[in-house]
Amino acid sequence: MIRKASKVLLAASLMVAMLTLPATSQAEEATDAAPLNSQELVAAMQPGWNLGNTLDAMCCGPGDDETAWGNPRVDDTFFKDIKAEGFNSVRIPVSWGNHTGPAPDYKVDPETMDRVQEIVDHALDADLYVMINTHHDSWQWITNLAQPEKHDEVLAQYTATWTQIAKTFRHYPQELTFESVNEVGFDETWAPGTERDHELMAELNGSFHEIVRSSGGNNADRLLVLPTLHTGADQVDMDALASEIEALDDPMLAATTHNYSFWPFSVNVAGYPGYNEEVQNLLVENFQSQVDTFVSKGIPVIIGEYGLLDNYDNKVERGEYLKFFEHFGYLARTSGITTMWWDNGTHFDRFKREWRDQEQFDYISTAWTTRSGTASSDLVFVDASDKITDKSVTLNLNGLAFKDLRYGNTTLKAGTDYTIDGTTLTLKKKLLKRILGDREIGSSAQLKIRFSEGMPWKLNVISSEDPVVEGATGTTDSVLLPTAFNGDRLATMESVYADGTGAGHHGWSTFPEFWDDFKPDYEDGTIELTKRYLNAIKDGEPVSLTLHFWSGKTLEYTLTRDGSVVTVA
């Protein structure tokens, strides 16, 4: 519950802030269209995109502006390009604290507020719904709400910040929405919340609600977006938010969570290199729990950020992460949940105004309207020196029908080039011989499986031999294992002490983290064991290493550490 002193402080802060704010510099006129209810408005926002690492980058040093983390300034044409890609909404994360003056006024720098307003105007002019928030403020200062000696100070700054935002935008149309805070927590564990955590979240969301609703204009019925603790989807945290929303008794509220998939899959750790049935089921359960907790009760949900974690394109095999994005889009569409893809500049090149990975975007955008078929893998390994045999993959039809198999512009012949038996696609040895030519090690050919709808699934047929990895000696800074991959690709690595426990940075698992603990270099022909991994190895205790390759091959070694010297043999 909110303490009485906090309520008094909130009321006083509201009064002071509202009296001292300058008049709004500019305001959007409300549209003549009939207002949408919360469910209709959130549905109209689908699909959404994040302007990440821009206004949120104003967080971390004197003079930081929207270009601080490498993205260009937003101009008046930018959001038109985003709209043209099929998006209907944009989330604009904003970090305010570094551009806010001292107590007691906590005045936001006028140039900063003007620039936020200008970017919001650009987005609205492009016919996009817009959501703004308090972003990195969460971990910079709002998290200190949990400290009794800082509680009132934090609440005063939070109140002043949202009071100024609310006044600036109070005459903007309903296409502008407010999100109270991003991924706030009150300790460093990211564990499901305690009763005290939920009380603090209710205090923040309740204060935000009172500030905005009392500010007048269109804020009286603007859609307000309330996050769970950490903006996560743990059931106890969603239940707490559902109770908050019920208590506020306001029909223009939405819930928000974030989704970066099952963490071990998202970073390839703990033996989850692939989008297997367990990981798929966890995503299904995640969506269903949000439907049960919110959607079924008339509370719309916005997944305000989704994707896989940073550097996933190096950590997770391509076909496996494309399966995730396809499945995620399907579940969002069939659950009636609006989603906003997190993009910090990694996906849409804001200088060239084009996708860095067009195929990945095509999977995501196709899922807005239909499913795409996939397969058990996008890799088929054919022995470069042995006699060629037929190779099979299992199709994931996803409710579709197999259409055909193509090689380049040629439609291949069923029965001659391939066979279909239920969901088993078998590539005939004559086809494999033809497309691989002289079968040089590492050479490849690409087939496309087409389905009745959606994206074609690409099969990379690779001429390979068993990989060869040599032992090596190095230091705890790095060990480079000379490797002839021979067309194969590394999937994961096991690292186990004699007693069966995990060896390395993540001692709770026998499978270290791809790239951060070990990483292949296919061009230079090495597998590096990294400083992070090696420094976590116990001195004098041998470690059994098993390298797992996507072909199914495994190689075993023993690692020993003697002080700063590391040997793999």
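The values are calculated or read from the model by the stated rules, or taken from the named source; none is laboratory data. Computed from a predicted model, the values in this text were never measured in an experiment. Cβ: placed from backbone, ideal geometry, glycine included. Neighbour counts: every protein chain shown. These accessible areas exclude ligands, DNA and RNA; they are computed on the full protein's heavy atoms, side chains included. Shrake-Rupley method; radii C 1.70, N 1.55, O 1.52, S 1.80 Å.
Name the residue, out of 450, 439, that is open to solvent by 20 Å² or more (accessible area, probe 1.4 Å), basic (Lys, Arg), without any contact (Cβ under 8 Å) to a residue 60 or more places away in the chain and touching a helix residue (DSSP H, G or I) at 6+ places or on another chain (Cβ under 9 Å). One residue alone meets the criteria, 439.
On the stretch given as segment 146-164, residues that are part of a loop (DSSP other than H, G, I, E, B) and either of a type outside the set (S, T, N, Q) or surrounded by 17 or more Cβ atoms within 10 Å (Cβ to Cβ) (or both) total 3. Screening segment 391-410 for residues that are loosely packed, with under 14 Cβ neighbours inside 10 Å and under 15 Å from residue 448 (Cβ atoms) and picking the one that is nearest to the chain's Cα centre (by Cα) gives 408. Residues in segment 111-139 that are crowded, with 21+ Cβ neighbours inside 10 Å, under 24 Å from residue 190 (Cα atoms) and not small (Gly, Ala, Ser): 132, 133, 134, 135, 136, 137. Select from segment 175-203 the residues that are among the polar types (S, T, N, Q), crowded, with 18+ Cβ neighbours inside 10 Å and over 21 Å from the mean Cα position of the chain (by Cα) and list them in ascending order. Of everything in segment 175-203, just one residue is among the polar types (S, T, N, Q), crowded, with 18+ Cβ neighbours inside 10 Å and over 21 Å from the mean Cα position of the chain (by Cα), namely 177.
The single condition among (1) small (Gly, Ala, Ser); (2) open to solvent by less than 50 Å² (accessible area, probe 1.4 Å); (3) within 29 Å of residue 515 (Cα to Cα) that residue 444 does not meet is (2).
Scanning segment 65-90 for residues that are surrounded by fewer than 20 Cβ atoms within 10 Å (Cβ to Cβ), among the acidic types (Asp, Glu) and within 15 Å of residue 52 (Cα to Cα) yields a single hit, 65. Within segment 303-319, being within 19 Å of residue 49 (Cα to Cα), open to solvent by less than 20 Å² (accessible area, probe 1.4 Å) and either of a type in the set (A, V, I, L, M, F, W, C) or over 14 Å from the mean Cα position of the chain (by Cα) (or both) holds for 303, 308.
A residue that is among the charged types (D, E, K, R), assigned to a helix (DSSP H, G or I), over 24 Å from residue 457 (Cα atoms) and open to solvent by 20 Å² or more (accessible area, probe 1.4 Å) cannot be found anywhere in segment 320-340. Kindly indicate the residue of segment 264-282 that is assigned to a loop (DSSP other than H, G, I, E, B) and not hydroxyl-bearing (Ser, Thr, Tyr) and also surrounded by the most Cβ atoms within 10 Å (Cβ to Cβ) among those meeting that condition. In this case the residue turns out to be 268.
Of everything in segment 471-521, what is closer than 23 Å to residue 384 by Cα and among the hydrophobic types (A, V, I, L, M, F, W, C)? Give them in sequence order. Scanning segment 471-521 gives 484, 485, 490, 491.
Could you pull out the residue among 147, 157, 140, 117 that is in contact with a strand residue (DSSP E or B) (Cβ under 8 Å, 6 or more places away or on another chain) and polar (S, T, N, Q)?
Values: 147 fails: in contact with a strand residue (DSSP E or B) (Cβ under 8 Å, 6 or more places away or on another chain); 140 fails: in contact with a strand residue (DSSP E or B) (Cβ under 8 Å, 6 or more places away or on another chain); 117 fails: in contact with a strand residue (DSSP E or B) (Cβ under 8 Å, 6 or more places away or on another chain).
Answer to the check: 157.
Of the residues 49, 69, the single one that is under 25 Å from residue 360 (Cβ atoms) and part of a loop (DSSP other than H, G, I, E, B) is 69. All of (1) within 21 Å of residue 458 (Cα to Cα); (2) among the hydrophobic types (A, V, I, L, M, F, W, C); (3) surrounded by fewer than 21 Cβ atoms within 10 Å (Cβ to Cβ) hold for residue 364 with one exception: (3). Listed conditions (1) open to solvent by 50 Å² or more (accessible area, probe 1.4 Å); (2) modelled with pLDDT of 95 or more; (3) not in a strand (DSSP E or B) are all met by residue 458, apart from (3).
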